[in-house]
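These notes concern the structure reproduced below.
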Amino acid sequence: MSVELGLRAEGMLDELGRLSDKDGLLSRPYLGPAHRRAAELVQGWMRAAGAETTINPVGTVVGVVHQSGSARRRRLLIGSHIDTVPDAGRYDGMLGVVVGVLAVEELRRRGAALPFDVELLAFGDEEGLRFPEASIGSLSLTTALPQELLDVRDEDGISLREALVAFGLPGDPPLGGLRYDPADLIGYLEVHVEQGPVLEAMGAALGIVTSIAAAARFRITVTGAGGHAGTVPATMRRDALVAASQMVLAIEEAALAAGPDVRATVGELVIANAAANAIPGLVRFSLDLRAPDDELLARARAAVVAGIAAVATARSVDIAVEPEYEGSATVCDPALSAALARSVEGLGLSAPRLPSGAGHDAQTVAGAAPVAMLFVRCRDGVSHRPEEYAAPADIGLAVIALADAIGALAAEPDPRSGAAAVG
Ligand code: GLV
Ligand code: MN
Ligand code: MN
């Protein structure tokens, strides 16, 4: 049964993986044309699984499986994201969306009667690469987003407002009004490809996430002085690229000194108006900083920023360090995690616990509901690359484990309502 489900999941992931804004590789930024097609495809799957669906004002596909009975029920949220990094694999995010749909189908096949509604969510902006904010979909459910967020612009100067309209949505949604009432939520479960090598090394198909790392993202602008490549002596230059290069090394050094669990990455570096025969006068680069807890992240951040500033002083360039995004470390809910672990162990598998260094929508949703995550083993620990791969057999096990966990939660007392969930 689980193999069959895994193969179905693989077919769905293949279908989703073909929806790209670039030829020959998978690139599906938030609110782009491929995101629209992916949202419609997912909406169709949710509908076929028995959900009442909509695409919400920030582009999240929402599918609610209502249980028969009373009108207003508490909801268990199941979700992940359908945006991708440039040149992505087919599993990061999408795997959790597909597994959620198949788990709901599986519960229906079993004729399971649940005492709560299940809400499937396919967020459009987990990677946070298009606009200077990340996880807009999940954030809108847990935070009253300021209306000014609609004015943020992408690299091409397109505002969030314009992008929403191009996607086919109203351009001025009441962002602050999308928040869910925590009292309505039982919790949030997210299945995700591990994106690292730990489960594979342990020989485990599935794992339970203990916590999600704290993360911060910055954009750094280095302003020096441009000039002619042939005329200005090295000692008289204020070369923004040479300064930025030294800053990249200073970041590495400061992060290493802050501790072995700190991660610092400069993934983007752009020379403005680059020319082979011109001294770079303006350089922008990104900085992605992560640590297992908020305190260590704060220390690493201070050390890294001091390192950048020291280089700027030494090289007489100006710097602007703009924070773009910050997410606190998140501890997964023990009760929901235990439910996932029991369902994995019920399949005769071990359920190792591991932390997540990658960010997830669960981190954001944790602002409104207890969250738990199930990781699926991936090949060679590769992610954010087209080589990303998870085996259908493992994905099928994740579908059964998720369906079993939802079934088990239905049989447990609901700790937040103070009443038995069964009834
Ligand atoms: C999301 O994939 C992230 O961790 O950056
Ligand atoms: Mn992801
Ligand atoms: Mn990702």
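Applying a length cut-off of 27 Å (Cα extent along the axis) and a mean Kyte-Doolittle floor of 1.0 to the DSSP H helices of the chain leaves 392-411.
Which residues does the label zone of GLU52 cover in the range 111-137, counting backbone N under 18 Å from a point 7 Å along Cα→Cβ? Residues passing the 18 Å test: 114-122. Counted by Cβ distance under 14 Å from ALA393, the other residues give a net charge of -1, where Lys and Arg count +1 and Asp and Glu count -1. Take the Cβ atoms of ALA112 and LEU7, set R0 to 25 Å, and the FRET efficiency comes out at 0.65. Solvent-accessible surface of the chain, taken per residue with a 1.4 Å probe and all protein chains present: 41 Å².
As a calculated quantity, the FRET efficiency between ALA229 and ARG179 at R0 = 56 Å, using C-beta atoms, amounts to about 0.55. Given the range 270-423 reduced to its alpha-carbon atoms as identical point scatterers, what log10 I(q)/I(0) does the Debye formula return at q = 0.10, 0.12, 0.16, 0.18 Å⁻¹? The Cα Debye sum returns log10 ratios of -0.60, -0.76, -1.05, -1.20. Compute the whole-percent fraction of alpha carbon pairs in the range 186-280 spaced more than 16 Å apart. More than 16 Å apart: 72 percent of the Cα pairs in the range 186-280.
Considering only alpha-carbon pairs that sit under 8 angstrom and 6 or more positions apart, the relative contact order computed for the chain is 23 percent.
Post the alpha-carbon centroid distance, the range 34-106 to the range 347-379, in whole angstrom. Going from one Cα centre to the other spans 18 Å. Three principal axis extents describe the C-alpha atoms of the range 70-225; from largest down they are 66, 47, 26 Å.
Considering the range 214-327, its Cα convex hull presents a mean projected area of 6.7 nm². Among GLU40, GLU200, the sequence by solvent-accessible area, most first, with a 1.4 Å probe is GLU40, GLU200.
Counting only protein heavy atoms, what percent of the accessible surface of the chain is carbon or sulfur at a 1.4 Å probe?
On the chain, the fraction of accessible area on carbon and sulfur atoms equals 54 percent.
With a cut-off of 15 Å between beta carbons, the residues surrounding MET202 carry a summed charge of -2, where Lys and Arg count +1 and Asp and Glu -1. Along its first, second and third principal axes, ordered by size, the chain spans 80, 46, 42 Å in Cα coordinates. Rounded to the nearest 20, the size of the Cβ-charge dipole of the range 336-392 about its Cα centre is 140 debye, with Lys and Arg at +1 and Asp and Glu at -1.
The values are calculated or read from the model by the stated rules, or taken from the named source; none is laboratory data. Nothing here was measured: the structure is a model prediction, and the numbers come from that model. Cβ coordinates were reconstructed from backbone atoms using ideal geometry, including for glycine residues, and neighbour counts include every protein chain displayed. Ligands, DNA and RNA are stripped out before the accessible areas are found, and what is left, the full protein with its side chains, is counted by its heavy atoms. Shrake-Rupley method; radii C 1.70, N 1.55, O 1.52, S 1.80 Å.
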